[in-house]
Each structure stands twice: as structure tokens, then as C-alpha cells.
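Everything below concerns the one structure shown next.
The values are calculated or read from the model by the stated rules, or taken from the named source; none is laboratory data. What you are looking at is a predicted structure, and each value in this text was computed from that prediction instead of being measured. Heads up, the Cβs are rebuilt from the backbone with ideal geometry, glycines too, and the neighbour counts pull from every protein chain shown.
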Amino acid sequence: SQKADISQKNDLSKGVNISGHVKETKYRSAALPWTITPSWDGDRSNLVKKYLMLSKSRLTCLVVVTSMAGYAVAPAPFDFSSFVLCSIGTGLLSSAANAMNQYHEVPFDAQMSRTKNRVLVKGMITPLNAVTFAFATASCGLTILYLGVNDMTTILGATNLFLYTSIYTPMKRFSIFNTWIGSIVGAIPPMMGWAACTGNLSIGAWILGGMLYAWQFPHFNALSWNLRPDYSRAGYRMMAVTNPSLCRKTALRYAVAIVLLSSVAPYFDVTNNYFAVEALPLNAYFCYLAWKFYKNSDSGSSRQLFKFSLLHLPALMLLLLINKKRWYLGQKEKMDEEKFEIRFPPETNEPIASHPNKYTNVIPVAIAASPDS
């Protein structure tokens, strides 16, 4: 619309034309001056704070929370030790990935208002120390997952580390498909939690991962909308910069996808039927804000969508946890187990009666027991 075009013209930096497509010459001329990262001044004060900044501690906490949610929702007995070790390992891998991401992006971070004060840009930590920190945390994280959790979780963690540092980070410079890769990275931590609890990736893990995958698009596209001048100066190929229309459409499409995934969760016995009903108002409002963002294409609607996305995700995870299917089957399964026990008939020494899910020849105790037993 004409209103949207005027908004785009007013919002974007000089490096982007009215249609939202980057002009390569402007891309370079709009860049801010950048000098080599200053050498470390030897200041050891607040080292913990500096390494937390290098780890992107708030983002890492969100990653850990989603892995915890995956573990808690999984249909298997809760084991405290594997839960804690999975959380620690996931957090360490996230810290390593974020440290390497900042190491690779120092020249570009220096050109963005949002990132120009990061520790590597300001020389608070040397590049060598950052790489050493990343290697140490990655090694510890993978070791903890391998020795303390299981192979499946370790493989997922290693895959995610590779995707973030070796594919997503460099792809930001030349393709908008970096957002799709980044969404895969965001979807894997809850699947790690599920795998840590169950040792496999059943349909529930994929539904949970799909929800996190879909959530990334309205969340990040809304965030990046108001950061277009920054991304343009730094030369990042984001949808919000190179194709604003696709940016808004994608946010809306994946908001609708969350509604569909929430609807099929009860069908596959991930949750009870109440979940689809309880999640509908939450998801519907999320879709409404995504639609406003698509329709208006202004800063106000993008901020609304972004802020609500921060509430939407924990609320959706909480509903998943409250309505997990196993909690409603647990009492019935316990009663079934009390009705059956192993018996050894006179003819053989082989057990023929046990829990109904474990043996085909199931004989209730009241029937299998003879008067002489």
C-alpha cells in the first residue's frame, strides 16, 4: 500500500531504497568507520561479567529454559541428575556458540548501534581468550552430555553448535536463508531436552521442535524490522532489509503454523485435548499481532509483536507442561501394574504373567494362581 511504502521510505536508512531492496553501492558507503579491535588493557576486573556478556547470558538462559521444557514435557520418568546435566551441557554449548559468533562478527558488530559495545569490539577480552573460552565450554558441554546424559542429546548438541557457528553466522552476510537456519538452531534445544529424558526423538519431540522453529520467525522478523538501518550498515542480508514484504508474510505464516501444531499435539498423544483449547486464545492473539504487522508494516506493530512473542513462548511451554499426556495416564498405568505380577506355572520356570505391555501371554493374578499356589 501507499502508506506502507511511505513508512518504508521513512524507516529505512540511506542504504535501502523505497522497495526495501539493498543498493550495493549505498551498502558500502553507509558503513560506519571501524578500526582494529583495541588491544586488551590488562584489566581483570569484572571478568565474570565480561565472559557472561561474551556468552550472551540472557539468550543462553532462554536456550536452557527451552531444553528444560523439552525434558519436562517428555513422556518418561523425571531423572533429576540427567535433567541438571542436560541443562548445564546445553548452557555451555550455547555459550561456546555465542562466543564464536561474536569472534567472527567483530568488524560488523562495530558498525551496528545495538552491538558496538560488545566485549570483543571494545577490546575488553582478546580474540585469543574468546576462542579459548569457546573451545573450553564446547568441550566441557559435549563431555557432560556424552557421559552424563546420552548419545542422542550429544549428537543434537554438536549439530547445533556446528549449524550456528559454521553455517548460520557466515550465511548472514550473503543470504536471507540464514533466518531459516537460525530457526533450526532455536528448535533443537527443546528436542535435546526430550532426547535427554526419553533417549529418542518420537513425534512429540518434532512437534515441540516445530513450535520453537515456527516461533522464531514472528519473534525475529519483528525484532529485525526496527533494526533495518543497523543491519544495512553492517551488510547483513536480512529479510527486513532486502525483502520487507517477505519478512512480514513469513512472520504471519509461521504464527499460523503454531496454531496448527498446537492442534495436532493432542492427536499424537503429546498432550491432552484441553491443550488445544487452552492454547487457542494465546495463539490467536499472536496471529492477530502478526497480521497487524503484515498489514501495517510500521514500527509500532512490529514492537507489539516482538514484545508479545516474549510472553507467548513461556506461556505456551507452561500450557504444554500442564497438559502433558503422561500425567493423565500415570495413575491408570499404576493401577494396571498392581493388577499383574509375574507367576511361574508348575510346568515351566518361565514367567508368563506381567505388565500387559511387556508380554503377550498376559494372565491376571486372580486367574493364573492355582488353589495350591
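Which pairs turn up if I take residues in segment 249-276 that are closer than 19 Å to HIS312 by Cα and look for partners that are surrounded by fewer than 16 Cβ atoms within 10 Å (Cβ to Cβ) and among the polar types (S, T, N, Q) with beta carbon separation below 7 Å, at least 6 apart in sequence or on another chain?
So the pair list comes out as ALA276/SER263.
Taking THR137 and the conditions (1) modelled with pLDDT under 95; (2) hydroxyl-bearing (Ser, Thr, Tyr); (3) surrounded by 15 or more Cβ atoms within 10 Å (Cβ to Cβ), which numbered condition does it fall short on, given that it satisfies the others?
(1)
Among the residues in segment 91-104, are any without any contact (Cβ under 8 Å) to a residue 12 or more places away in the chain and over 24 Å from THR179 (Cβ atoms)? Spell out the reasoning first.
As a first pass, look at segment 91-104 and keep what is without any contact (Cβ under 8 Å) to a residue 12 or more places away in the chain: none.
Within segment 91-104 (the criterion being without any contact (Cβ under 8 Å) to a residue 12 or more places away in the chain and over 24 Å from THR179 (Cβ atoms)), the answer is no, since none of the residues qualifies.
Collect the residues in segment 300-320 that are over 15 Å from LEU212 (Cα atoms) and exposed (fewer than 15 other Cβ atoms within 10 Å of the Cβ), keeping them in residue-number order.
GLY300, LYS307
I'm trying to understand the selection: among the residues of segment 184-221, which are within 9 Å of the chain's Cα centre (by Cα) and aromatic (Phe, Trp, Tyr)?
Within segment 184-221, TYR213, TRP215 meet the criteria.
Residues are listed down the side, and each one gets a yes or a no for (1) of a type in the set (A, V, I, L, M, F, W, C); (2) closer than 22 Å to VAL73 by Cα:
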site	(1), (2)
ASN226	no, no
MET238	yes, no
THR242	no, no
LEU246	yes, no
ALA251	yes, no
ALA257	yes, yes
TYR267	no, yes
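Would you say MET124 is at pLDDT below 95, of a type outside the set (Ser, Thr, Tyr) and either crowded, with 19+ Cβ neighbours inside 10 Å or touching a Ser or Thr at 6+ places or on another chain (Cβ under 7 Å) (or both)?
Answer is yes for this residue.
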